[in-house]
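Report on the following structure.
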Amino acid sequence: MKIENRLPAEGINASREHPLKEFAWLAGGAIAVVIALVAAVAYGAQWIAPRVPFAYELELTRGLELARAPSSDQGRAVQAELQALAGRLANRMDLPPGMTIRVGYRESDVVNAFATLGGQVVFFRGLLAKLDSEDAVAAVMAHELAHLKYRHPAAALGRGVAVGLMLSVVSAQLGRTMGGNVLSQVGVVTLLSFNRDQERAADEEALRVLAAEYGHVGGALDLFEAFMHVSNDRALGEQAIPQFLRTHPISAERRQSARDWGRANGKTPEQPRRALPPAIAAAVAAAPPPGAATEGGRPIADR
C-alpha cells in the first residue's frame, strides 16, 4: 500500500486581502509605534535625557564646538588657566563615565558663563572682570560643573535633544540629524535656564567642592555679593544686568544658604582667598571699563 502526502489546497497561502492594504496596515502600525515612542520620550524628556549614557550626548553634539580656542595669545592663556582649574575641581566630583570637561573662553564683555551639552563650559571676560579671587572664579566653575555632572543641560534643552539622544542609540546619523535641528540655533544653548531644584543641587555640589578644594566656601559668598552689587546698581540701567543673573538667578537667600552651609560643615568663609591666576588677572586688568567700546566697536550699552 502506497501512502503519499496530499497536495495542499490551491491558494492556501494567498491572502484574501489586497497586499497594498496589508502593507498599509503594517506601515501605519509601525508609524504609530514610533509616534507613541517619540511622544513618550518628549513627555519624559527631563527624566530621560540625563539617564541616556553620556557617550550618546557626545556623539549628538560632535559638531557643537563652543569651547574653541580664542584667537589671541592672551585669550588662550586664560583658557588654559580656566581649563586647569576645571580639571582640579572635576577631580573632586563624581562625573558621569566618559565625561571630559572642555572650557571655552570668550574675549567679550558680556557678563556670563554657562554649561552646555557635551561637557562644555564657556566663560566670558566680562564675568571674570567682576571677580577678584580664584576662589570666586572657582565658585562659578564648580556650579557649572555641577550642572554637567547632573546632566542638567540635556534636560533643559528638553524634548528635541531627548528624542535625538534616543535616536542616537539606534543610529548616530539619525540622532545627529534630529539633534542638529535643535542645536542649529546656538543662541538657545547660551540661554539655558534651570529650575529651582537644579540650581539648588548645583549650589550644594559647588559648596562641597569649594570646601574640599579651599577649606572654606568664601568664594561662593564673594560671587553672590559681587552680583548683588551689580544688579542693585540702578544708575547703570537695565542693560547693566548681567546675562549671568538672568540665566543663574542669584539672591541674598542663596548667599545666606551658602553661609549657613559653611558654618554647619565647619567651613566658614573667614579665610584668606587665593589670588587670580596670572593670565586671568592680566585679562581682567586689560578689560575696558563699563561703557567703553567692546568687540565689534559697539559700546556695552548698545548691545
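Every number here is computed from the coordinates shown, using simple stated rules; none is lab data. This one's a predicted model, so the numbers in the text were calculated from it and none came from an experiment. Glycine also receives a Cβ, built like all others from the backbone with ideal geometry; neighbour counts cover every protein chain displayed.
Couple of notes before you dig in:
- Remark: the stretch 135-142, residue by residue, has Karplus-estimated 3J(HN,Hα) of 4, 5, 4, 5, 5, 5, 4, 5 Hz, where x stands for each Gly or Pro and the curve is 6.51 cos²θ - 1.76 cosθ + 1.60 at θ = phi - 60°.
- Relative contact order of the stretch 52-129, pairs being alpha-carbon contacts under 8 Å that are 6 or more residues apart, as %: 33
- Of W25, W261, the sequence from fewest to most neighbouring Cβ atoms within 10 angstrom is W25, W261.
- Where Rh is the Kirkwood radius over Cα pairs, Rg/Rh for the stretch 56-158: 0.95
- Remark on F124: its backbone amide H falls under 5 Å from those of R106, N112, a criterion applied only to residues 5 or more positions apart or on other chains, H modelled at 1.01 Å from N.
- The stretch 89-137: C-alpha gyration tensor shape, a/c 1.5 cut-off, then a/b vs b/c: oblate
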